[in-house]
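Written out below as structure tokens is the structure these notes cover.
The values are calculated or read from the model by the stated rules, or taken from the named source; none is laboratory data. All values reported here derive from a predicted model rather than from experimental measurement. Just the protein is used for accessible areas: all its heavy atoms, side chains included, with ligands, DNA and RNA removed. Shrake-Rupley method; radii C 1.70, N 1.55, O 1.52, S 1.80 Å.
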Amino acid sequence: MAAGDVAGGKTVAAQRQAWLVFEDEAGQTLRPPKARTWGRRGHTPVVPVSGKGSGRVSIAGLTCYRPGQRSRLIYRTIVHRGRKNERRSFSERDYIALLDAAHHQLDGPIVCVWDNLNTHISAAMRAMIDVRDWLTVIRLPAYAPDLNPTEAVWSHLKRSIGNLAVTGVDHLLAIIRNRLKRIQYRTDLLDGFLAHTGLTLEPDTT
């Protein structure tokens, strides 16, 4: 079945008493996401957005689950300011630094589930994974964002900043961090994101 690899990941996580960790990335520019709002009849609300300045915030996040433990959200951000030769995405070293930080924070082995992004499957990434005996990586099936609870984090985040005009990329970064911090304190929300995928923490025994 499509979720077979993820089910295998649950079994490995249970055998190793590891955290089951789902990784995904998102980005946000200065232009706010569109959202519904209230307004006077016949008067469409308008949010003024400055055309000045540029920038983008990239986010890589991990939703982390283990039976008997509080669910966690761990993330890192990168600010892109439109400078010459500036990298516009996370590198292999950025991803492995996030996983190293998660290993330190979670204090246990990790089974990481992520998609087939080229940075995830490069030779450099495979080499860095191979020297970490606490890390097992499982790839999601192609075109299966519905199996990744971290996707729901981005959806929740973008709804919370809908129609919000910011003054610059640093203002945007501060708001994103504030919203993500709120989610970190909402264990029930993180558990709901996992439940929405149809996955459970119990390994398949059939």
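Could you do me a favour and compute the accessible area per residue for segment 56-202, 1.4 Å probe, result in Å²?
On the way: 7570 Å² over 147 residues.
Ligands and nucleic acids excluded, the result is 51 Å² per residue.
Taking the accessible area of segment 74-180, probe 1.4 Å, and keeping the other protein chains in place, the carbon and sulfur fraction comes to 49%.
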